[in-house]
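Single-structure report; data block below.
What follows is calculated from the coordinates using simple rules that are stated; it is not laboratory data. Being a predicted model, the structure only gives us computed values, none of them experimental. Positions of Cβ are generated from backbone atoms using ideal geometry, with glycine treated the same way; all protein chains shown enter the neighbour counts.
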Amino acid sequence: MRIALIGGTGNIGEGLAFRLRLAGHDVLIGSRSGEKAKAKAEHFNALVERLGGKRGIEGMTNEKASLIADVCIITIPWKHAFETAENLKENLAGKIVVSPVIPMVVENGIFKYIQPEEGSAGLKFARILDKSRVVVAFNNIPAKRFANPDEVFSWDVAVCSDDEQAKRTVMDIVNSIEGLRAYDAGSLENSRIVESITPLLINIARKNKTRELGIRFV
Ligand SMILES: NC(=O)c1ccc[n+]([C@@H]2O[C@H](COP(=O)([O-])OP(=O)(O)OC[C@H]3O[C@@H](n4cnc5c(N)ncnc54)[C@H](OP(=O)(O)O)[C@@H]3O)[C@@H](O)[C@H]2O)c1
């Protein structure tokens, strides 16, 4: 499957890029700059080879990646992610679009979930991308640890969507990554709960001086 990371040059993009490639997917790194995306893709391919996998990560503009991918994961900070989705709306029509996006701010050292008017980032994407199949996933993954190839983890991923088939496809993608386990978390309506867990994880890690935290349902 060809999976695009729209804004895949950043923190969460890094772990997703090489781990999705190691799982056998073709990965497209999107960026506002084609040159930046190509340089990142080269870096990720070298890492994949070092880890015993085969090259297969390509860098390009977000426009091109969204046009040719089967599934697009929007890995852009929330303040810019919705505008990017608007701009790519036609390219994303009919496609599975995955949101790991967490709308949040930090106030007096405390991370707070900023609930969009629609109810969640996932629901906001569904309103903007009304011709796409929106799925919420990967929201509670700690990006730095995920990007560390030496990190051994066992994290759960809550997956929400109103499109059952799209949700199943994304759950299969999640389960293809070693160390991740997908759970069906219901409709997009539930994404507000899933998204709001991330600031809680960050606050707990900071207060208790632990490293970044993921989640596990036991
Ligand atoms: N970091 C985490 O631990 C974590 C965990 C779970 C979920 N998430 C979510 O994943 C998303 C990405 O987080 P991140 O930490 O990976 O973000 P990031 O590293 O800060 O940024 C990712 C990419 O977004 C693009 N970008 C920045 N400003 C933009 C703009 N104005 N317009 C379009 N693209 C822009 C940049 O790509 P180019 O410059 O190449 O275009 C950048 O490399 C966020 O929504 C976040 O809530 C993050």
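Summary table
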read-out: Residue-span extension gain [Asp184 to Glu90] - 0.36 nm each, minus C-alpha spacing; value: 31.0 nm
read-out: Segment 104-157: GluC sites (Glu not before Pro) in DSSP coil with no more than 12 other Cβ atoms inside 10 Å; value: Glu117
read-out: Residue-by-residue Karplus 3J(HN,Hα) for segment 153-163, coefficients 6.51, -1.76, 1.60, Hz, glycine and proline x; value: 9, 9, 10, 9, 10, 7, 10, 10, 6, 8, 10
read-out: Residue exposure sequence - Leu67, Leu20 - by fewest surrounding Cβ within 10 Å; value: Leu67, Leu20
read-out: Under the Debye formula (equal points on every Cα, no solvent term), log10 I(q)/I(0) of segment 107-218 at q = 0.20, 0.22, 0.23 Å⁻¹; value: -1.11, -1.24, -1.30
read-out: Residues listed by number, segment 97-124, amide nitrogen under 19 Å from Thr210 label point at 7 Å toward C-beta; value: 110-112
read-out: Spin-label pair Ile197/Lys144, simplified geometry with 7 Å Cα→Cβ offset, distance in nm; value: 2.1 nm
read-out: The chain: most fluctuating residue of Pro103, Pro149, Pro199 per GNM, C-alpha cutoff 10 Å; value: Pro149
read-out: Whichever lysines have a C-alpha closer than 29 Å to that of Lys36, once near sequence neighbours (fewer than 8 apart) are set aside; value: Lys54, Lys64, Lys79, Lys89, Lys95, Lys124, Lys144
read-out: Bins of 10 Å, starting at 0 and running to the largest distance - Cα pair percent for segment 21-93; value: 20, 48, 27, 5
read-out: Reciprocal mean inverse distance between Cα atoms of the chain - Kirkwood radius, Å; value: 17.1 Å
read-out: Net charge of Cβ neighbours under 12 Å - reference Phe138; Lys, Arg +1; Asp, Glu -1; value: -1
read-out: Rel. contact order, % - alpha carbon contacts under 8 angstrom, at least six apart, the chain; value: 18 percent
read-out: Restricting segment 19-83 to trypsin sites (Lys or Arg not before Pro) in coil, as DSSP defines it, with at most 11 other Cβ within 10 Å; value: Lys54
